[in-house]
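The values are calculated or read from the model by the stated rules, or taken from the named source; none is laboratory data. Owing to the predicted nature of the structure, the values given are computational and were not obtained by experimental measurement. Neighbour counts are summed over all protein chains in view; Cβ atoms, including those assigned to glycine, are modelled from backbone coordinates with ideal geometry.
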Amino acid sequence: MARRNAEPRIAAHLGRPETPEETAARKAENSRNYRQSQSFKNLIFALVVSLAIVAVVYFIVPRGEVDNAPQPDVAEIASQVADQYERTVVTPDAPEGWTMNIAEIEPGSPSVWTINYNSIPDAGHAYIRFAQAFDADEVWAAQALRGTQPTGTVTIDGVEFTEYVVKDPSSTSNISYALGVQAGTDFVLLYGSASAEITAQLAEHVADDIAALQQEGATHE
């Protein structure tokens, strides 16, 4: 007895049987969706494994506090500079808590003994640079301050400093205030982005050394 061939299945979304082309397209789409689903699952699995490895490394590898970079040995460097240039070099006794990142001689005309204080309590990101320019005067100071002219004077611990207030710090590498003084044959300049009050603190700590240089210069005149 011969069997009757089954009629093609009616596709609900079409309201009629699928054509061979539509059937092939549907199967291809299902296959593509399946592969994409598997790829996404594999991606999630790989991400979880990566995070697990990072966690293991984080908790297993020993970690220690990063040491701060050592500060320059100002006294030692100053001694070498004094011997090399055969002159008295100021070694500031900075206020408590101040730290520095530079203590060096800048060769040139004039050569300048420089100390940069880059961390000052209660001063935010402000800095102050101490500079002793050898055989220099206020002309050098004006050059260092990009042409800024004196705005007055202030006496600190018996030493009269010339005061410089910079109106546009953006034109002077962020320098906003400075104190300068002739110290014998040298010119000492305290300058940076710190306030007048904080700059005066450093001036107090170098006033005696400056007075000694002034006296030394007067003796040799």
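Give ALA142, ALA183 a once-over and let me know the one that is in the same structural domain as TYR117 (by TED's automatic domain parsing) and surrounded by 17 or more Cβ atoms within 10 Å (Cβ to Cβ). Steps first, please.
Details: ALA142 fails: surrounded by 17 or more Cβ atoms within 10 Å (Cβ to Cβ).
ALA183 is the lone residue from the list that is in the same structural domain as TYR117 (by TED's automatic domain parsing) and surrounded by 17 or more Cβ atoms within 10 Å (Cβ to Cβ).
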(request) Considering only the range 125-152, state which residues are without any contact (Cβ under 8 Å) to a residue 60 or more places away in the chain and assigned to a strand (DSSP E or B). (result) GLN132, ALA133, GLY152
(message) Residues to consider are TYR177, TYR117, TYR191; find the one that is surrounded by 23 or more Cβ atoms within 10 Å (Cβ to Cβ), aromatic (Phe, Trp, Tyr) and free of Cβ contacts under 8 Å to residues at least 60 places away in the same chain.
(response) TYR177
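Just to be sure before I move on: is ILE128 under 19 Å from the mean Cα position of the chain (by Cα), aliphatic (A, V, I, L, M), modelled with pLDDT of 95 or more and within 23 Å of VAL166 (Cα to Cα) in the structure I sent?
Yes; evaluated as a whole, the condition is true for this residue.
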(message) So GLY217 passes all but one of these: (1) in contact with a Leu (Cβ under 8 Å, 6 or more places away or on another chain); (2) surrounded by fewer than 23 Cβ atoms within 10 Å (Cβ to Cβ). Which condition number does it fail?
(response) (1)
(request) Quick one: which residue in ILE120, ILE115 is assigned by TED's automatic domain parsing to the domain that holds THR185, modelled with pLDDT of 95 or more, more than 16 Å from LEU213 (Cα to Cα) and of a type in the set (A, V, I, L, M)? (result) ILE115
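If the requirement is being farther than 17 Å from TRP98 by Cβ, assigned to a helix (DSSP H, G or I), modelled with pLDDT under 95 and among the charged types (D, E, K, R), which of these qualifies: GLU221, GLU216?
Working: GLU221 fails: assigned to a helix (DSSP H, G or I).
Unique residue meeting the criteria: GLU216.
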(request) Quick one: ALA133 ticks every box in (1) surrounded by fewer than 19 Cβ atoms within 10 Å (Cβ to Cβ); (2) modelled with pLDDT of 95 or more except a single one, so which number is it? (result) (1)
(request) Look through GLU96, GLU65, GLU76 and report the one residue that is modelled with pLDDT of 75 or more and loosely packed, with under 10 Cβ neighbours inside 10 Å. (result) GLU96
(request) Answer yes or no as to whether ASP209 is of a type in the set (D, E, K, R) and crowded, with 23+ Cβ neighbours inside 10 Å. (result) no
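Mind checking which residues of the range 148-173 are of a type in the set (S, T, N, Q), modelled with pLDDT of 90 or more and more than 14 Å from LEU202 (Cα to Cα)? Walk me through how you get there before you give the answer.
Step one: filter the range 148-173 for residues of a type in the set (S, T, N, Q), giving 148-149, 151, 153, 155, 162, 170-173.
Checking the rest, the ones that are also modelled with pLDDT of 90 or more come to 148-149, 151, 153, 155, 162.
Correct list: THR148, GLN149, THR151, THR153, THR162.
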